[in-house]
1. Convert each backbone phi in the stretch 31-36 into a coupling constant with the Karplus relation 6.51 cos²θ - 1.76 cosθ + 1.60 (shift: θ = phi - 60°), then list the ³J(HN,Hα) values in order as whole Hz, x for Gly and Pro.
2. Amide H neighbours of residue 54 under 5 Å, counting only residues 5+ apart in sequence or on other chains, H built in-plane at 1.01 Å?
3. Suppose every Lys and Arg Cβ carries +1 and every Asp and Glu Cβ carries -1, with no other charges. What dipole size does the stretch 381-470 come out with about its Cα centre, to the nearest 20 debye?
4. Could you compute the FRET efficiency for residue 97 and residue 232, with r as their C-beta to C-beta distance and R0 at 22 Å, rounded to 0.05?
5. Would you pull out the residues with amide H under 5 Å of residue 439's amide H, same chain only if 5 or more places away, H placed 1.01 Å from N?
6. If you count only protein heavy atoms and use a 1.4 Å probe, how large is the accessible surface of residue 348, to the nearest 10 Å²?
7. On full extension of the chain, what length is gained from residue 370 through residue 315, given 0.36 nm per residue of separation minus the C-alpha to C-alpha distance?
8. Taking the Cα centroid of the stretch 332-409 and of the stretch 418-446, what is the distance between the two, rounded to the nearest whole Å?
Amino acid sequence: LAMEFPSEDIFLMTASPVIKAVTNFKQVSKTLEEFDVEEQPSSLLEKRYPNIKVIHSGVKQLKSDEHKIFTEDGKEYMYEKLCLCAGAKPKLIFEGNPYVLGIRDTDSAQAFQKKLAQAERIVVVGNGGIALELVYEIQGCEVIWAIKDKAIGNTFFDAGAAEFLIPKLTAEKRETPIECKRTKYTMEGSEEKERPTAASDKLGSALGPDWHEGLHLKGTKEFSHKVHIEILCEVKKIHLQQEFIQLQRTSLTFPKDEKNVEPDEVLWPVYVELTNGKIYGCNFIVSATGVVPNVEPFLDGNNFAVGEDGGLKVDKHMHTSLPDIYAAGDICTAAWEPSPVWHQMRLWTQARQMGWYAAKCMAADTLRESIDLDFSFELFAHVTKFFNYKVVVLGKYNAQGLGLDHELMLRCTKGQEYVKVVMQNGRMMGAVLIGETDLEETFENLILNQMDLSAYGEDLLNPDIDIEDYFD
């Protein structure tokens, strides 16, 4: 916006003293991009663009009919156009329990690290990217990992990919991680005032893709990795120590050789009862169960159309249902008819694309120009790292919404690579690539141009055939 309208005032309202900046941006292919997310003092942004003013205050209320925003510090601001990018907040399994930590941002990751230093056993609940990374990075602490699916990492891949990754969970720790590139800025004096624990409802900003690097994730025990996975279950109840003693029920020790029948003699601060009937004691519980759009401050008195997932519905120009109000990132729900190989997922890559595109739309509307849907919404594409493997997911990589009418093709080299493609009527609809496969650009093109590949059959994944040469 600052570049499109150099003479207009642009206000950025943020409750946090730092802003997240995208650095080391690399366009890997047409739709795949890699970048780091770095916290920077907001003064850097103001220096770079003199027409931007950063206002450090949370929003108390929005009066859309008056085009006004009221901030926590008692001020009010008029706007011509407004874009809501307030993100999402962690979906906690139980609100207000001091033994349940939600992880979604750098502040909560630090609180977690402090607690972990004294922990002997924790329970991790959730099966997305953060839970995966967390379980992998924790050393010297027993981890009971409760997932509602059959296999780990369900948000990103299927049981086959999970099987490929599992040996990494039990292996002794590998090479030391590369130095963390993220620097953290704090406000002067904020270190002395310890944040009260109740501050977990204060919104930090979401974690970047390499958030765990540079955090010292080590518990009190001397062994490296101890993870036990409880599948197909959720947390039924959480009992504090006193309640648990009164219940006179038995909790289980950490399973030896995957058998957990032994009753636990240790008294733990908190106990987790799972829906499969098992009870484990632990020092605390990490709730990594996804996010809910952070719409609270904006709904009151405004008639927004809200999606099933709780986000503000936006059309293909990132417009909400209210005049002059746009939304982008985790807070919004894409309500346009999507491309057959794109879907919304609350990830950094999409937040960046939506923010950029929303600014283009706001500019086009102001100048009364027309604008086409941005190319990044043609194909779902995300690149990340799990367990130190490069992971690329493209299109309907888990056959999302394809019904039963699809087939999967796989190629797997233990410890090295895992390649899966989702085919429908001879056309490639999605792919998961783990390891250095070098297939991402070829597959991206094949999904985008929907070429009929029936003639190639199984040879599509034949490692002896250089598939790239075919489709360059």
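1. For the stretch 31-36, the Karplus curve yields 10, 8, 9, 10, 7, 9 Hz.
2. Here 12 satisfy the definition.
3. Numbers: 7 positive and 15 negative charges, 113 e Å.
That gives the stretch 381-470 a dipole magnitude of about 540 debye.
4. On the way: r = 24 Å, r/R0 = 1.07.
Given R0 = 22 Å and the Cβ-Cβ separation, E is 0.40.
5. none
6. Surface accessible to solvent at residue 348 totals approximately 60 Å².
7. Working: separation 55, 0.36 × 55 = 19.80 nm, distance 1.42 nm.
Result: 18.4 nm gained on full extension.
8. Each part's Cα centre sits 16 Å from the other's.
The values are calculated or read from the model by the stated rules, or taken from the named source; none is laboratory data. Values in this document were obtained by computation on a predicted structure and should not be read as measured data. Using ideal geometry, Cβ is built from the backbone for each residue, glycine included, and neighbour counts are taken over all protein chains shown. When the accessible area is computed, the model is the full protein with side chains, heavy atoms only, and any ligands, DNA or RNA have been set aside. Shrake-Rupley method; radii C 1.70, N 1.55, O 1.52, S 1.80 Å.
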